[in-house]
Amino acid sequence: MATGWAGDGAVQEQIDATVDDAIKRARSQLRQGPSLSHCEQCDAPIPEARRKAVPGVHLCVECQAIQDREQHEFSGYNRRGSKDSQLR
(Lines give C-alpha, C1' and ligand atoms only; values in the text may rest on other atoms or scores of the structure.)
Protein backbone atom coordinates (compact mmCIF):
# COMPACT_ATOMS: atom_id res chain seq x y z
CA MET A 1 0.00 0.00 0.00
CA ALA A 2 1.47 3.31 -1.09
CA THR A 3 1.15 6.39 1.06
CA GLY A 4 1.65 9.95 -0.10
CA TRP A 5 4.11 10.21 -2.97
CA ALA A 6 5.97 6.98 -2.22
CA GLY A 7 5.34 4.06 -4.53
CA ASP A 8 4.86 0.47 -3.47
CA GLY A 9 8.14 -0.95 -2.15
CA ALA A 10 9.81 2.47 -1.91
CA VAL A 11 10.79 1.99 1.73
CA GLN A 12 12.40 -1.38 1.04
CA GLU A 13 14.23 0.06 -1.98
CA GLN A 14 15.57 2.82 0.24
CA ILE A 15 16.74 0.31 2.84
CA ASP A 16 18.38 -1.88 0.18
CA ALA A 17 20.18 1.09 -1.34
CA THR A 18 21.50 2.18 2.06
CA VAL A 19 22.78 -1.33 2.81
CA ASP A 20 24.40 -1.59 -0.65
CA ASP A 21 26.17 1.74 -0.11
CA ALA A 22 27.49 0.61 3.27
CA ILE A 23 28.80 -2.66 1.80
CA LYS A 24 30.54 -0.85 -1.07
CA ARG A 25 32.12 1.62 1.34
CA ALA A 26 33.34 -1.16 3.65
CA ARG A 27 34.78 -3.19 0.76
CA SER A 28 36.58 -0.16 -0.65
CA GLN A 29 38.38 0.30 2.67
CA LEU A 30 39.72 -3.26 2.85
CA ARG A 31 43.46 -3.47 2.38
CA GLN A 32 44.93 -5.97 -0.02
CA GLY A 33 48.41 -7.34 -0.49
CA PRO A 34 51.14 -8.00 2.03
CA SER A 35 51.06 -6.57 5.53
CA LEU A 36 53.75 -4.17 6.67
CA SER A 37 56.11 -5.12 9.48
CA HIS A 38 56.05 -1.54 10.87
CA CYS A 39 53.23 1.00 11.13
CA GLU A 40 53.23 3.46 8.25
CA GLN A 41 52.27 6.34 10.57
CA CYS A 42 54.30 5.87 13.76
CA ASP A 43 56.85 3.23 12.64
CA ALA A 44 55.99 0.97 15.61
CA PRO A 45 56.40 -2.76 14.93
CA ILE A 46 53.20 -4.57 13.95
CA PRO A 47 52.97 -7.92 15.75
CA GLU A 48 53.02 -11.03 13.57
CA ALA A 49 49.67 -12.16 14.99
CA ARG A 50 48.03 -8.93 13.78
CA ARG A 51 49.64 -9.26 10.35
CA LYS A 52 48.25 -12.79 10.03
CA ALA A 53 44.80 -11.84 11.35
CA VAL A 54 44.37 -8.74 9.17
CA PRO A 55 45.69 -9.23 5.61
CA GLY A 56 47.24 -6.08 4.16
CA VAL A 57 47.47 -4.29 7.53
CA HIS A 58 49.48 -1.06 7.42
CA LEU A 59 48.76 0.42 10.85
CA CYS A 60 49.44 -0.63 14.42
CA VAL A 61 46.46 -1.09 16.75
CA GLU A 62 46.78 2.39 18.27
CA CYS A 63 46.99 4.22 14.93
CA GLN A 64 44.15 2.11 13.51
CA ALA A 65 41.96 3.03 16.51
CA ILE A 66 42.66 6.72 15.94
CA GLN A 67 41.86 6.43 12.24
CA ASP A 68 38.64 4.52 12.95
CA ARG A 69 37.55 7.16 15.45
CA GLU A 70 38.23 9.98 12.97
CA GLN A 71 36.34 8.20 10.19
CA HIS A 72 33.39 7.62 12.51
CA GLU A 73 33.29 11.30 13.51
CA PHE A 74 33.28 12.46 9.88
CA SER A 75 31.13 9.69 8.43
CA GLY A 76 28.36 12.14 7.58
CA TYR A 77 24.64 11.96 7.95
CA ASN A 78 22.63 9.51 5.90
CA ARG A 79 20.07 11.76 4.25
CA ARG A 80 18.62 8.84 2.32
CA GLY A 81 17.32 7.33 5.55
CA SER A 82 16.03 10.62 6.93
CA LYS A 83 12.31 11.30 6.98
CA ASP A 84 13.11 14.96 6.32
CA SER A 85 14.68 14.01 2.97
CA GLN A 86 11.39 12.42 1.94
CA LEU A 87 9.54 15.68 2.59
CA ARG A 88 11.73 17.87 0.38
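The values are calculated or read from the model by the stated rules, or taken from the named source; none is laboratory data. Small disclaimer: the values here were computed from a predicted structure and weren't measured. FYI the Cβ positions are ideal-geometry reconstructions off the backbone, even for glycines, and counts take in every protein chain you see.
Structure above, values below:
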| item | result |
| --- | --- |
| Members of the range 5-54 found to be among the aliphatic types (A, V, I, L, M), closer than 24 Å to residue 66 by Cβ and in contact (Cβ under 8 Å) with a residue 24 or more places away in the chain, listed by number | 30 |
| Matching residues, the range 1-21, being surrounded by 11 or more Cβ atoms within 10 Å (Cβ to Cβ) and either farther than 24 Å from residue 72 by Cβ or basic (Lys, Arg) (or both) | 6, 10, 11, 13 |
| Unique match (being assigned to a helix (DSSP H, G or I) and charged (D, E, K, R)) among 16, 43 | 16 |
| All positions within the range 6-21 that are at pLDDT below 85 and touching a helix residue (DSSP H, G or I) at 6+ places or on another chain (Cβ under 8 Å) | 6 |
| Hits in the range 46-59 - residues which are outside any helix (DSSP H, G or I) and either in contact with a helix residue (DSSP H, G or I) (Cβ under 6 Å, 6 or more places away or on another chain) or closer than 12 Å to residue 31 by Cα (or both) | 54, 55, 56, 57, 58, 59 |
| Filter result (within 15 Å of the chain's Cα centre (by Cα), surrounded by 10 or more Cβ atoms within 10 Å (Cβ to Cβ) and either part of a helix (DSSP H, G or I) or modelled with pLDDT of 90 or more (or both)) within the range 70-88 | 70, 71 |
| For residue 35: the one exception among (1) within 19 Å of the chain's Cα centre (by Cα); (2) in a loop (DSSP other than H, G, I, E, B); (3) among the polar types (S, T, N, Q) | (1) |
| Of all residues making up the range 22-65, the number that are modelled with pLDDT under 90 and surrounded by 14 or more Cβ atoms within 10 Å (Cβ to Cβ) | 1 |
